[in-house]
Amino acid sequence: MLKKNKVAVISSGNGGQAMAAYFAYKGYDVSLYAREKARVDMFSSNVLHLSGVVNASVPVRQISCDMRAVVRDAHLIMVTTPSQYHPIVAAEMAPYLQDGQIILLNPGRTFGTCEFHRVLHACGCNRNLIVAEAETFIFTCRCNQVGRPVIYKIKDHMKVAAHDSAYTQQVVQTLSPVFPTITGAKDILETGFGNMGMIFHPLPVLMNLTRVERKEQFLYYKNAISPLVAQMLERMDAERVSVAKAMEVETLPVVDWLKDKYGSTGQTLYECLQNTEAYSEVYTPSDIQTRYVLEDVPTGCVPMVAVGKHLGIDMPMTRAVIGWASAAYNRDFYAEGRNETKIDLQTLTGRKKVIPLSGPVKLYRSLTS
């Protein structure tokens with residue numbers, strides 16, 4: 001029988017430790033999943049020491065690599081793994097899921113619930129579940145020491161959507177005691193097009209790749225994103241917004257998003273990033289094998305370009321990021337990512353009327369050009 005107070009958190013990384021600690025701080029019975037025993041053994045105890053917006057030492061019930069034990073009877077399952085691992089997580093938990101459980105992808109990036117559902121179905125899971133996704137991770141956080149997560153900011157007005165939008169409000173009601181500012185999106189198109197990770201993460205890392213490779217320590221949002229890089233990001237964001245507009249999906253441009261989520265001030269993206277307090281202590285990844293590329297290219301840039309291509313809309317900046325990342329990392333991110341072979345774009349785009357566009361976006365003469 002499901003326990004309303006039990007929460008399972010999947011992943012023991014920065015976000016997972018912060019999420020587990022925060023739910024425990026709020027009085028929930030929390031179990032934390034780490035995929036490998038070596039990860040479990042890194043924790044000296046089941047007590048997590050949370051700091052930042054909250055300062056507290058809180059116990060979790062268990063930290064385990066036994067998926068069955070972690071998800072058993074949990075009413076809410078918070079999946080905080082980087083989104084490229086969603087297929088692996090879905091396959092691992094499929095045999096142990098129970099009717100009535102809510103699975104929230106934190107975040108889904110772009111069309112995460114579609115991929116999660118596809119894998120659950122392929123694994124023969126026919127449970128009555130609610131699979132939902134968040135447009136972004138609700139915390140700005142880091143965890144430089146195991147068991148000591150730091151939450152710099154809890155984002156305002158974060159949106160969530162269930163794969164079947166009829167259940168979105170149920171997800172919001174479940175989360176509201178812990179995150180009262182969470183709101184329901186119209187559907188997964190709104191959360192998918194609201195993916196800011198694909199804007200903020202891959203391109204700045206690629207522009208600073210030699211510095212990251214040398215393991216230089218410098219502030220990410222303050223120093224890695226120069227005025228020139230910020231202008232490139234704004235062009236990339238304009239492509240995202242253009243495709244969303246063609247689908248009649250409401251999404252905020254990146255500057256307005258920063259003002260909405262963080263209260264940032266400024267006219268340009270560069271100015272807003274310099275004035276975002278929550279980003280003031282966020283450092284650049286310490287290794288080139290970072291989720292900023294390995295996650296956000298295949299689960300953000302790729303599905304966005306796939307939708308654009310399906311609609312006949314070119315996205316040259318976003319395509320360039322995929323190509324650049326593929327060249328730098330010697331792998332085909334488009335083939336690996338959430339492309340048209342893995343996501344049912346016909347069904348997704350059929351949810352909305354496509355509006356013909358003019359202006360900065362270029363229309364393909366054919367979908368194969």
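The values are calculated or read from the model by the stated rules, or taken from the named source; none is laboratory data. The shown structure was predicted, so the numbers you read here are calculated from the model rather than taken from an experiment. Virtual Cβ from ideal backbone geometry, glycine too; neighbours counted across all protein chains shown. What goes into the accessible areas is simple: the full protein's heavy atoms, side chains included, and nothing from ligands, DNA or RNA. Shrake-Rupley method; radii C 1.70, N 1.55, O 1.52, S 1.80 Å.
At-a-glance table
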{"read-out": "Test for residue 360: is it at pLDDT below 90 and open to solvent by 60 Å² or more (accessible area, probe 1.4 Å)", "value": "yes"}
{"read-out": "Some residue of segment 119-134 being under 21 Å from residue 175 (Cα atoms), touching an Asp or Glu at 6+ places or on another chain (Cβ under 8 Å) and either of a type in the set (Asp, Glu) or open to solvent by 50 Å² or more (accessible area, probe 1.4 Å) (or both)", "value": "yes"}
{"read-out": "Members of segment 253-295 that are in contact (Cβ under 8 Å) with a residue 12 or more places away in the chain and charged (D, E, K, R)", "value": "259, 260, 261, 277, 281, 287, 291, 295"}
{"read-out": "Some residue of segment 317-333 being free of Cβ contacts under 8 Å to residues at least 12 places away in the same chain, assigned to a loop (DSSP other than H, G, I, E, B) and among the charged types (D, E, K, R)", "value": "yes"}
{"read-out": "Filter result (on the phi > 0 side of the Ramachandran plot and modelled with pLDDT of 95 or more) within segment 260-299", "value": "266"}
{"read-out": "Residue pairs meeting the criteria (Cβ under 7 Å; at least 6 apart or on separate chains; first free of Cβ contacts under 8 Å to residues at least 24 places away in the same chain, in segment 141-168; second part of a loop (DSSP other than H, G, I, E, B) and open to solvent by 60 Å² or more (accessible area, probe 1.4 Å))", "value": "165/186"}
{"read-out": "Qualifying positions in segment 95-116 - open to solvent by 10 Å² or more (accessible area, probe 1.4 Å) and without any contact (Cβ under 8 Å) to a residue 60 or more places away in the chain", "value": "95, 96, 99"}
{"read-out": "Meets criteria (open to solvent by 10 Å² or more (accessible area, probe 1.4 Å) and on the phi < 0 side of the Ramachandran plot) for residue 223", "value": "yes"}
{"read-out": "Segment 40-85, residues that are farther than 15 Å from residue 9 by Cβ, in contact with a Ser or Thr (Cβ under 8 Å, 6 or more places away or on another chain) and open to solvent by less than 20 Å² (accessible area, probe 1.4 Å)", "value": "83"}
{"read-out": "Hits in segment 135-150 (condition: of a type in the set (A, V, I, L, M) and crowded, with 19+ Cβ neighbours inside 10 Å)", "value": "138, 150"}
{"read-out": "Residues that are among the charged types (D, E, K, R) and in contact with a Leu (Cβ under 6 Å, 6 or more places away or on another chain), drawn from segment 129-156", "value": "133"}
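Residue by residue, here is whether (1) open to solvent by less than 60 Å² (accessible area, probe 1.4 Å); (2) closer than 30 Å to residue 139 by Cβ; (3) modelled with pLDDT under 95 holds:
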| site | (1), (2), (3) |
| --- | --- |
| 301 | yes, yes, no |
| 311 | yes, no, yes |
| 342 | yes, yes, yes |
| 348 | yes, yes, yes |
| 356 | no, no, yes |
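Residue-wise test of (1) under 16 Å from residue 230 (Cα atoms); (2) within 18 Å of the chain's Cα centre (by Cα); (3) not polar (S, T, N, Q).
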position	(1), (2), (3)
267	yes, no, no
272	yes, no, yes
275	yes, no, no
279	yes, yes, yes
283	no, no, yes
300	no, yes, yes
303	no, yes, yes
310	no, no, yes
317	yes, no, yes
